[in-house]
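Since every read-out is calculated from the coordinates, none of them should be taken as a lab result. For clarity, every value in this text was computed on a predicted model and none was experimentally measured. All Cβ positions, glycine included, derive from the backbone under ideal geometry; neighbour counts span all protein chains shown.
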Amino acid sequence: MSTVAAYAAVSATEPLVKTTIERRPVGPNDVLIEIAYAGICHSDIHTVRGEWGDMVYPLTVGHEIVGTVTEVGSAVTLHAVGDRVGVGCMVNSCRECENCLAGAENYCLNGNTGTYASVDRDGSITQGGYSTHIVVVEDFVLKVPQSIPYEAAAPLLCAGITTYSPLAHWNAGPGKRVAVVGMGGLGHMAVKIAHAMGAEVTVLSQSLSKKDDGLRLGADHYYATSDPATLKDLRNSFDLIINTVSAVIDINAYLGLLRLDGTLVSVGAPPEALPVAVFRLFGNRRSFAGSSIGSIAETQQMLDFCAEHGIAPEVEIISADQINEAYERVLASDVRYRFVIDIATLA
């Protein structure tokens, strides 16, 4: 075991504090990563505040991680000391179920091992990337292309793959009309990626305050959902809608925006249930779906796609002692568009 510096939640109601956590020894198939940057995801806030269920504290979160390999196990073949790498939302899976064997370990039937707040193989609770180092089995470590700015790469490991996966699965591309609900950390990535895929992209945001940004990042159209005319005028308009918001919305109104055989995919996860009127699905043979990150192979594909198309998140770099302030700003939608912690400030 080794002791490393970290920021952790000590309860669901108290601020995160600077502390230390334990990392396991590097095993034969493990790599030790010195973390350079860690993104702040809305999921981190939901988790530490107990909004997705009871947690074991103290808990270090963070599943948007980039850093450098500093040690490898004796059997490691995929990575070498000095490699620039990333870790996303999972650090292992059962490797045996039908989905894992099909290369969809993100949908492991036995539950993949999350980067934080999961039971690890040794029975301990996994601790995430708001820390100086992490030990991860080599198969769940990604290669970060050199052309992606280091300080902006971390959010791709969650926000990037969470939006890339449904866009790729539902074939966003030329001739497809894609709407993105919400213009935040996930939404701005969905706009960039859908645009790069060749789709016609529309942003549906509560207001027009980020319209200039949306159009700059690749949106063809931008509408305010606070205007009652928007959801009326856009009925039967889209092949695919990506809902990125982590709050309850009138999902039935958005289902009405789908064309024949259109799909609304939710990637944001509000604590409350989203009631769906089944009859709304009957019209236009609509579908309502969910999507959860991506496999390791698809995540690497996403990173390579972003490198090829010059895509990186819009980030605001903060020091570790600004994490609690950043949480409040995320909740107030006061970030454009992802906070990234400079982990060097934690050491």
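Here is how the numbers come out for the structure above:
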| quantity | calculated |
| --- | --- |
| Selection from Val248, Gly283, Ala312, by position along the positive dipole direction of region 237-325 (Cβ) | Gly283 |
| Answer label for Rg/Rh (Cα atoms, Kirkwood Rh) (calculated), chosen among (i) 0.97; (ii) 1.02; (iii) 0.99 | (i) |
| Residue exposure sequence - Ile341, Ile65 - by fewest surrounding Cβ within 10 Å | Ile341, Ile65 |
| Within region 62-164, GluC sites (Glu not before Pro) in DSSP loop having at most 12 other beta-carbon neighbours inside 10 Å | Glu96 |
| Those aspartates and glutamates that a straight Cα-Cα span of less than 13 Å connects to Lys18, excepting residues fewer than 8 apart in one chain | Asp321 |
| Fewest-first ranking of Trp52, Trp170, using other Cβ atoms within 10 Å as the exposure measure | Trp52, Trp170 |
| Computed helical MRE - 222 nm, the chain, DSSP H runs ≥ 4 contributing -39500 (n - 2.57), nearest 500 | -6500 deg cm²/dmol |
| Square roots of five times the Cα gyration tensor eigenvalues for region 235-327, Å | 31, 20, 12 |
| Shape call, region 159-290: gyration tensor on alpha carbons, a/c limit 1.5 | rounded |
| Pair Ala273, Thr19: separation of 7 Å Cα→Cβ label points (nm) | 3.4 |
| Computed magnitude of the charge dipole of region 54-170 (debye, nearest 20; Cβ of K, R +1, Cβ of D, E -1) | 200 |
| Dipole in debye (nearest 20) - the chain, about Cα centre, beta carbon charges: Lys, Arg +1; Asp, Glu -1 | 960 |
| Computed lengthening from Ser147 to Glu71, 0.36 nm per intervening residue step minus Cα-Cα distance | 25.0 nm |
